[in-house]
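Rule-based calculations on the coordinates, nothing more; no lab input. As the structure is a computational prediction, the values presented were derived from the model and not from experiment. When we count neighbours, we look across all protein chains shown, and the Cβ atoms used for this are built from the backbone with ideal geometry, even at glycine.
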Amino acid sequence: MTAAMAGGTTLRLLAQNVRILRLTRGWSQEALAEAAELDRSYIGDIERARRNVSLHCLERLARAFGVAAPELLREPDPAELGAQLLRRISSDIGR
């Protein structure tokens, strides 16, 4: 078991990853909720680590993001995260 999975931090890791993926795509919570067929307030609770997410909902989130469900529970790679954010900023500037 990794340190991230000990003592409830898995919920925080999921919360962080959902927020990162949502923001790097430029989505609102409402847009993610629609794509995942979940309620917007539920998405907000996930991002605040206030929900014990079922596997069914984890799969819905993964499908909405176009990733495998385990990706939502992995520690993010700081270099890749930085690259994603730079691409997002560059595309926003280009508009």
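Annotations for the structure displayed:
- Net length available on complete extension from Glu30 to Glu71 is 12.6 nm, with 0.36 nm assigned per residue and the Cα-Cα distance removed.
- Summarising the label geometry, the points placed 7 Å from Cα in the beta-carbon direction at Leu85 and Arg63 lie 3.2 nm from one another.
- 10 Å beta-carbon shell around Ala69, net charge (K/R +1, D/E -1): 0
- Whole-Hz couplings from phi, Karplus 6.51/-1.76/1.60, listed for the stretch 67-84; x for Gly and Pro: 10, 6, 3, x, 4, 6, 10, 9, 5, x, 7, x, 5, 5, 4, x, 5, 4
- Each residue of the stretch 24-33 was assigned a 3J(HN,Hα) from its phi angle through the Karplus expression (A = 6.51, B = -1.76, C = 1.60, θ = phi - 60°), giving 5, 8, x, 8, 7, 4, 5, 5, 5, 4 Hz with x at Gly and Pro.
- Dipole moment magnitude, nearest 20 debye, the chain about Cα centre, only Lys, Arg, Asp, Glu C-beta charged: 160 debye
- When each of Ile46, Ile93, Ile20 is scored by the number of other beta-carbon atoms lying within 10 Å, the sequence from fewest to most is Ile93, Ile20, Ile46.
- Label of the coordinate-derived value, Rg and Dmax of the Cα atoms in Å, listed as (1) 13.1, 41; (2) 13.4, 44; (3) 16.5, 59: (2)
- At an R0 of 22 angstrom, the distance between the Cβ atoms of Asp45 and Leu23 translates into a FRET efficiency of 0.80.
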